[in-house]
Structures are given as structure tokens and as C-alpha cells.
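Quick note: the coordinates plus some simple rules give every number you see, no bench work behind them. As the structure is a prediction and not an experimental result, all values here were calculated from the model. As a convention, Cβ positions derive from the backbone with ideal geometry for all residues, glycine included, and neighbour counts pool all protein chains shown.
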Amino acid sequence: MKNNSHNYSPESLMMSYGYKPELSEGAIKPPIFQTSTFVFKTAEEGKAFFEVAYGLRSKGENEEQGLIYSRINNPNLEILENRLCLWDRSDDCAVFESGMSAISTVLMEFLKPGDLLVYSSPVYGGTDHFINHLLPRIGVESVGIRADHNKKDIIEMIEATGKADKLAMIYLETPANPTNAVMDISMCREIGDMYKTEEKEVILAVDNTYMGPIWCHPMEHGAHLVIYSATKYIGGHSDLIAGAVLGKQEHMNRVKILRTFLGNMASPNTCWLLTRSLETLKIRMDQQMQNAKAVAQKFRDHDMITKVHYLDLLEPNSRSYDIYKRQYSSPGAMISIEIKGGEAEAFKFLNALNLFKLAVSLGGTESLAQHPCSMTHAGVDPIAKIQMGITENLVRLSIGIENESDLIWDIEQALESIKNMSVRM
């Protein structure tokens, strides 16, 4: 008889959790369940499955969510969601067809006309557009807060709207894309709790994409919901698009019901690829972090770089450093550098890179470089970009798993091209 009493780490369970080989002809890996619908044993069973799926009743004790239709659930989707829950120690998970579909579903489910949203700034450009251009169409007002705002500042900003009693959600992206600015999750939960009532709670949602499910667990710091672009570290191979939301059951029931009716779940094939990627998630991210630390240290004092934005280089004893040490177990693998000069110098640097690929996205096995001001954050208000630190000389680097010496060489030779450019000018 097998001994199952040991408490395994998540990285060990990524190979098998939530899957029974005996149900799939003994296959060691889950097959792709490429089917649109599932057969019920009886009409009564079908009725029971739909009652739970549509939120008409809660699941009974030991009752499993039955398979109905792949827009609602699918074995590949369920296996993936079960495994993702292990990292963040959440009750449930919902996987989506993209990070933006995960973000937009959360915002639409927990915000209604007349509500107030507080959000950290900067956020990913797509998120910024949804908050500042789409939410106003349904009557949701938003207030942007920055990492340099303290608790008193944020409360004053909320009160100044005249809609403090309508505060429904605080949405954080931390570390911020692309500046690596860090927001205090616990502090924001305290602020949210100040405005909750018996009738409503203020939802704290955290986009944890930059840290993945390895280096930070926002629910431990007070988040109600954790959001990922699973395209990034979770997928990790730049070959799929997906998103994920995790949280307690009461919140996830709402997220999953809206997903059912929006129909923005991930496909069986995408879920299969993500399940594959989870097996190597920790070792990939650990290597990416080690490479990023080496790159950041090497170029922190380079004469063609005015500043390196990386958590390991935060000023000790600063407020940001304190947040970093409390919230994160790693400085991550995302670096932003301010090139000496402006857009022309930044473009010259990007065009001179060889090993780094000039492309948006992040968290893949390959190293990527891009220009946030004119690319991922092109649609952000120009004045707001300056306030956020998204300047024309800012370049974002996503560090991959290549040899660190090769990455350093590539950056050095690209920086040298700017010196040559300056000489010619």
C-alpha cells in the first residue's frame, strides 16, 4: 500500500497532481481532450451538473463538478487549474484565453455603474486602456495611485473623489510593468477594509505576472484575487496566449460563472501546453532570476546607462526595499534600463542587440527587449507616462535562460554602438 502522508512541495506535484492515469488508458501524461461536449450517464446527472455550473446551488459535500461542455469545463482545463492552485494555495482557479480576458472579466464582475476603482500606476498598457477608456463607458470612475503614495495620500485621494462610499475595488500590478515599482499589498488591503460595509467588501485584486506564482503569493498579503498573464512565466515558451485568476471559492464562483457566459476560457490544447510548462516552471524561473541578477549588477554603473530598475538594486532601508523584502522571495527576472540619451539612443541600442530579440511579452525562455514608451504603453496618456517614469530612453529587458556571459556581452556591444553613434554626431 502506498504511503501518501508526505507533504510534497508544489514543484514535485506539477508532474502528476489532479490526473489519474488509469482513467486515460494508463498514459503517464494527460491526453488532449479535444471534444466540445460530454455524455451524461442520466438526465438527472445532467440536471445536477448544470445546477452547480450555473450557480443555482452549491456543490454538496464530496460532490465533483461534472463535465458538461468545454466552454464550461474540460479535463485539461481542470487539471491545469488544480495544479495552479497549489502555488498560491488558493481554493480555485479559472484559466482564460488571454491575460487581458482574465483582467477584463475580473473588472467587469466586481465593478458596476457608479463604482469607484483605485488602481496602481503604471500598469500594463492594455490594462491601462481598459480602465481609462472602457470602464468610463459603463460609469466606473478610477483613481490612479503610485508607489510613492503612502497610506495617508491614498486615503486623501479616495476621499477627494466624493465617492469614497462607492469604492468597490483596489487593483494593483506589482512590481509594475515596466518600471518595477512596488506597491504595498498589505497596506492596500487595510485601506480597502476601511471602506467595506456589511453589504459589500472592497475587492483587492493583484496582477502578479512579473513575479509568477513562484516569487510572490499575494493572497498571503491580503489579496482577494491573484491574476496572471499565463502567457508569460507560466507558459514560458512564447508559444501560447492565456491568463489565470485565483482566489477563495466565494469570489471564484463569480469569476467562473461570468467566464461561462463570456466564453473566454482557454482551449484544451492551450491547457495541455500550460500543464506541460508547469513541470519546469521553478527551474526556469530560478535560472532567469540568476541571469537577471548578474546582468543588473554588471550594468548598474555603466556610463551609457543612467539608471537600472531592478528590485535587488533598491536602496537599502528605503520604503520600496522594505516592501520588496516583505512581499517577494526573489528580485525577479525583469529589468528596465534608462539609456543615456533619448528615443534615438534607445532605438540604436535595441537595433544593435543580437541574442536579445526585439519583441514584446516577457517571461519566456528567450531574452527579449522592447521600448515601452512607443510599444506596450504607446496608448497611455503622454503626461501620465512622464509621471510614471515611462520615458523615451527606457528599455525593458526580459531575461531568459541563456548563458549569462552571452547576455552581458550582447548588452555591452549594443551599448558600445550608442557611443559610436554619439561620436559620429
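Structure notes:
- Derived value for region 281-424: Kirkwood hydrodynamic radius 15.6 Å. Basis is the mean of 1/r over every pair of different alpha-carbon atoms.
- Close amide H pairs (under 5 Å, H built 1.01 Å from N) link D115 with E141, residues at least 5 positions away or on another chain.
- Within the chain, helix-based [θ] at 222 nm, where runs of 4 or more DSSP H residues each add -39,500 (n - 2.57), nearest 500: -11500 deg cm²/dmol
- Shape of region 1-122, Cα gyration tensor, a/c cut at 1.5: oblate
- Among C93, C85, a tally of other beta-carbon atoms within 10 Å of each Cβ gives an order, fewest to most, of C85, C93.
- Under 9 Å, Cβ to Cβ, from L355 - net charge with Lys/Arg +1 and Asp/Glu -1: -3
- Neighbour net charge for E250 - beta-carbon separation under 11 angstrom, K R +1, D E -1: -1
- The GluC sites (Glu not before Pro) found in region 52-81 that occupy coil by DSSP, while having at most 15 further C-beta atoms within 10 Å, are E61, E63, E64.
- Degrees, to the nearest 10: 281-299 long Cα axis against longest axis of the chain: 10
- Pairs of alpha carbons in the chain whose separation is greater than 39 Å (percent): 22
- DSSP loop chymotrypsin sites (Phe, Trp or Tyr not before Pro) with at most 14 other Cβ within 10 Å: longest gap in the chain: 55-425
- Other residues lying with their Cβ under 15 Å from the Cβ of E44 contribute a combined charge of 0, Lys and Arg counting +1, Asp and Glu -1.
- Distance between region 96-113 and region 246-273 - C-alpha centres, whole angstrom: 11
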